[in-house]
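Each remark here refers to the structure printed beneath this line.
The values are calculated or read from the model by the stated rules, or taken from the named source; none is laboratory data. Since this is a predicted model, take the numbers as computed values, not measurements. Don't worry about glycine lacking a Cβ; one is built from the backbone with ideal geometry, like all the others, and counts go over all protein chains shown. In case anyone asks, the SASA skips ligands and DNA or RNA and just uses the protein heavy atoms, side chains included. Shrake-Rupley method; radii C 1.70, N 1.55, O 1.52, S 1.80 Å.
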Amino acid sequence: MSALEKNLLEVDNLRVRFPTRTGVIEAVRGVSFSVGRERLGIVGESGSGKSQTGRAIMGLTDPRAEVSADRLQFDGIDLLSLPARERRALRGKRVAM
Ligand SMILES: Nc1ncnc2c1ncn2[C@@H]1O[C@H](COP(=O)(O)OP(=O)(O)OP(=O)(O)O)[C@@H](O)[C@H]1O
Ligand SMILES: [Mg+2]
């Protein structure tokens, strides 16, 4: 794949879990998609995890929750291992919600 064809956003098996006193709430259960230069709309019923998916990509998940993914990449940058400072720099500049 050339640099031009490379996807801007890669989400592979994204999961967001909220541990609670009564058990674990799985807010996002294995979501996968990629975005190149096109626009992508995410549709689903209330509570299905759309906002939590966006927040996980933005790095704005409640710190009490666990976020995991086989891959969460923006423009080749591994978001899950990116230091908080660099993640903040991406927000507003290149990624917004
Ligand atoms: N802090 C939290 N603790 C426990 N569960 C949470 C928390 N925040 C969100 N959830 C749960 O995560 C799930 C996904 O919520 P989310 O807000 O992503 O849904 P949504 O698809 O954006 O819904 P809507 O269309 O109403 O905006 C819901 O079941 C919600 O109750
Ligand atoms: Mg929402």
Complete set of residues in the range 19-31 that are open to solvent by less than 50 Å² (accessible area, probe 1.4 Å) and within 16 Å of ligand 2 (Cβ to nearest atom):
ALA27, VAL28, VAL31
Given the criteria within 19 Å of ARG94 (Cα to Cα) and either more than 15 Å from the chain's Cα centre (by Cα) or within 16 Å of ligand 2 (Cβ to nearest atom) (or both), does LYS6 qualify?
yes
Quick one: which of SER48, SER34 is open to solvent by less than 60 Å² (accessible area, probe 1.4 Å), within 15 Å of ligand 2 (Cβ to nearest atom) and not hydrophobic (A, V, I, L, M, F, W, C)?
SER48
Please determine whether any residue of the range 52-59 is away from ligand 2 (no atom under 16 Å from the Cβ) and in contact (Cβ under 8 Å) with a residue 24 or more places away in the chain.
yes
Would you be able to tell me the number of residues in the range 21-59 that are within 14 Å of LEU80 (Cβ to Cβ) and part of a loop (DSSP other than H, G, I, E, B)?
1
Kindly indicate whether VAL11 is in contact (Cβ under 8 Å) with a residue 60 or more places away in the chain, outside any helix (DSSP H, G or I) and touching a Ser or Thr at 6+ places or on another chain (Cβ under 9 Å).
yes
Quick one: LYS93 ticks every box in (1) in a loop (DSSP other than H, G, I, E, B); (2) within 16 Å of ligand 2 (Cβ to nearest atom) bar one, so which box is it?
(2)
Would you mind telling me which numbered condition in (1) farther than 22 Å from LYS6 by Cα; (2) exposed (fewer than 15 other Cβ atoms within 10 Å of the Cβ); (3) among the basic types (Lys, Arg); (4) without any contact (Cβ under 8 Å) to a residue 24 or more places away in the chain ARG94 fails?
(1)
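In the range 60-86, which residues are farther than 15 Å from LEU8 by Cα, outside any loop (DSSP other than H, G, I, E, B) and charged (D, E, K, R)?
GLU66, ARG85, GLU86
Looking for whichever is open to solvent by less than 60 Å² (accessible area, probe 1.4 Å), more than 9 Å from ligand 1 (Cβ to nearest atom) and in contact with a Phe, Trp or Tyr (Cβ under 7 Å, 6 or more places away or on another chain) here; the options are LEU40, LEU9, LEU14. Which one fits?
LEU9
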